[in-house]
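Reading through the structure tokens given below for one structure.
The values are calculated or read from the model by the stated rules, or taken from the named source; none is laboratory data. Since the structure is predicted, the reported quantities are computational estimates derived from the model, not experimental observations. Ideal geometry is used to build each Cβ from the backbone, glycine not excepted, and the neighbour counts take in all protein chains shown.
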Amino acid sequence: MFVNSKTHRILCSVVTATIMTAIISFTLTAVNSGLHAFPYVTWFRSWIIAFLLVFTISFFLPKFVIRHVSRIIKVKE
């Protein structure tokens, strides 16, 4: 499947955010409440909140970082 670079960037952000937030929110929920009485509703709610935050950040932060780092550090060609 061929997509343009903007679509590719959005898809990469969605997949990365989904994996990262699922692992982190599951781990934190399991550590805080234990696996024997794991609250799936609580985990799902925290995952949704984390996903929205991480997706937004992972979409906009790289451009911001690259722009500001490029002002300080020049790439040798």
Give the residues of region 16-47 that are among the β-branched types (V, I, T) and within 24 Å of K6 (Cα to Cα), sorted by residue number.
T16, T18, I19, T21
Residues satisfying the stated conditions in region 23-38, i.e. touching a Ser or Thr at 6+ places or on another chain (Cβ under 8 Å) and in contact (Cβ under 8 Å) with a residue 24 or more places away in the chain
S25
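A quick yes/no check of all residues on (1) in contact with a Ser or Thr (Cβ under 8 Å, 6 or more places away or on another chain); (2) on the phi < 0 side of the Ramachandran plot; (3) in contact (Cβ under 8 Å) with a residue 12 or more places away in the chain:
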residue: L11; (1), (2), (3): no, yes, no
residue: V15; (1), (2), (3): no, yes, no
residue: T21; (1), (2), (3): no, yes, yes
residue: F51; (1), (2), (3): yes, yes, yes
residue: F60; (1), (2), (3): no, yes, no
residue: I66; (1), (2), (3): no, yes, no
Against the condition modelled with pLDDT of 85 or more and either within 15 Å of the chain's Cα centre (by Cα) or of a type in the set (V, I, T) (or both), how does V3 come out, does it pass?
no
Would you confirm whether or not region 59-70 contains a residue that is aliphatic (A, V, I, L, M) and assigned to a loop (DSSP other than H, G, I, E, B)?
no
Could you list, in sequence order, the residues of region 1-52 that are surrounded by fewer than 14 Cβ atoms within 10 Å (Cβ to Cβ) and not in a helix (DSSP H, G or I)?
M1, F2, V3, N4, G34, L35, H36, A37, F38
